[in-house]
1. Residues to consider are 157, 97; find the one that is closer than 18 Å to residue 237 by Cβ and at pLDDT 95 or above.
2. Only one of (1) of a type in the set (A, V, I, L, M, F, W, C); (2) assigned to a helix (DSSP H, G or I); (3) in contact with an Asp or Glu (Cβ under 9 Å, 6 or more places away or on another chain) is not met by residue 177, so which one is it?
3. Going by the structure shown, is residue 83 touching a Pro at 6+ places or on another chain (Cβ under 6 Å) and open to solvent by 10 Å² or more (accessible area, probe 1.4 Å)?
4. For region 205-215, check the following and say yes or no: at least one residue is touching a strand residue (DSSP E or B) at 6+ places or on another chain (Cβ under 7 Å), open to solvent by less than 40 Å² (accessible area, probe 1.4 Å) and of a type in the set (Ser, Thr, Tyr).
5. Quick one: residue 209 ticks every box in (1) more than 21 Å from the chain's Cα centre (by Cα); (2) assigned to a loop (DSSP other than H, G, I, E, B); (3) within 22 Å of residue 62 (Cα to Cα) except a single one, so which number is it?
6. Suppose we filter 249, 257, 199 for residues that are in contact (Cβ under 8 Å) with a residue 40 or more places away in the chain, assigned to a helix (DSSP H, G or I) and out of contact with any His (no Cβ under 9 Å at 6 or more places or on another chain); which single one remains?
7. Pick out the one residue from 75, 87, 164 that is touching a strand residue (DSSP E or B) at 6+ places or on another chain (Cβ under 7 Å) and farther than 22 Å from residue 190 by Cβ.
8. Taking the condition of being under 25 Å from residue 242 (Cα atoms) and either part of a helix (DSSP H, G or I) or of a type in the set (A, V, I, L, M, F, W, C) (or both), how many residues in region 117-168 meet it?
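The values are calculated or read from the model by the stated rules, or taken from the named source; none is laboratory data. Just so you know, these numbers come straight off a predicted model, no measurement behind them. Reconstructed Cβ throughout: ideal geometry from the backbone, glycine too, with neighbour counts over all protein chains shown. The accessibility values were calculated without ligands, DNA or RNA, using every heavy atom of the protein model including side chains. Shrake-Rupley method; radii C 1.70, N 1.55, O 1.52, S 1.80 Å.
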Amino acid sequence: MEGMFGSLAPARRRLVLVVLTGLLVLACVAVLLAVRSGGRAAVGRRAEQGLPGPVLLVPGYGGSTAGLQPLASRLRATGRDVTVVSLPDNAQGDLTAQARVLGAAAAAVLARTGGESVDVVGYSAGGVVARIWLKQLGGAAVTRRLVTLGSPQHGTALAELGSLFQGECPLACQQLVPGSTVLDALNAAPELPPGPVVVSLWSSKDQVVLPPDSATLAGAVNVQLQQVCPDSVVDHTQLPADPLVAGLVQASLAAAVPTGFGPGDCARLGG
């Protein structure tokens with residue numbers, strides 16, 4: 001520095017050094033503000049609701065992907081990119097670990113398609129896995145819509161019964177017992193993170209999610225199938241392949257934001 005300004009008069013040299021020091025301080029402040037602003041933008045990021053992206057289908061307890069293939073085919077027929085996610089340990093292990101696998105699948109799909117967000121459809125416990133990813137692992141930032149099908153968001157008495165028999169209730173089953181540590185943390189208010197629009201589809205004839213309205217969520221568009229088609233007798237296992245459910249899923253993932261469905265939609269949506 002001395003060599004660069006050695007030819008300047010002392011007063012001029014001091015002035016130049018003061019100016020350079022001031023510029024350096026301003027540059028550091030600008031960088032700091034940019035970093036902080038970028039951090040806030042990342043945290044507050046929300047997917048564009050009018051821009052449908054690729055779809056991820058998440059299987060339920062047991063991890064079978066075969067039952068989701070009819071729904072996947074119907075969505076692909078409309079031009080959507082659809083991936084059926086395979087979960088580890090037959091989807092009977094830790095629900096949070098399953099949610100991390102969903103997150104990795106979403107990242108891979110976005111990298112492959114160049115999309116900005118994903119739509120997620122979670123069947124049964126898959127809907128709980130999806131909500132863990134959204135609420136606790138940052139998935140809300142890249143999720144436009146979440147549709148759940150008969151998901152025991154507040155647990156099911158069937159899991160509670162299974163927990164009474166040693167060895168008959170793996171970890172995911174234990175975590176789906178009403179009042180479990182996992183569900184209590186997940187259901188602490190607010191039940192849904194800001195950003196994604198969530199639609200919960202459920203049937204009063206569900207014999208696995210007990211009570212069936214365990215599937216409802218505060219802040220979601222909650223749709224009981226019998227409120228759309230009063231004669232619907234769809235039970236839990238029939239949800240993924242039911243024509244009405246498929247129609248509701250397709251409508252929920254359209255560009256327009258879903259606000260609710262009623263009897264007037266029964267015939268139109270395949271009931």
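1. Numbers: 97 fails: closer than 18 Å to residue 237 by Cβ.
The match here is 157.
2. Looking at each condition in turn, residue 177 falls short on (2).
3. Numbers: touching a Pro at 6+ places or on another chain (Cβ under 6 Å): no; open to solvent by 10 Å² or more (accessible area, probe 1.4 Å): yes.
Spelling it out, it is not the case that residue 83 is touching a Pro at 6+ places or on another chain (Cβ under 6 Å) and open to solvent by 10 Å² or more (accessible area, probe 1.4 Å).
4. For region 205-215, residues touching a strand residue (DSSP E or B) at 6+ places or on another chain (Cβ under 7 Å), open to solvent by less than 40 Å² (accessible area, probe 1.4 Å) and of a type in the set (Ser, Thr, Tyr): absent.
5. (1)
6. Details: 257 fails: assigned to a helix (DSSP H, G or I); 199 fails: assigned to a helix (DSSP H, G or I).
Matching residue, one of 249, 257, 199: 249.
7. The unique qualifying residue is 75.
8. Within region 117-168, the subset under 25 Å from residue 242 (Cα atoms) is 118-131, 143-159.
Add one more test, that the residue is either part of a helix (DSSP H, G or I) or of a type in the set (A, V, I, L, M, F, W, C) (or both), and what stays is 118, 120-121, 125-131, 146-147, 149, 157-159.
The number of residues fulfilling the criteria is 16.
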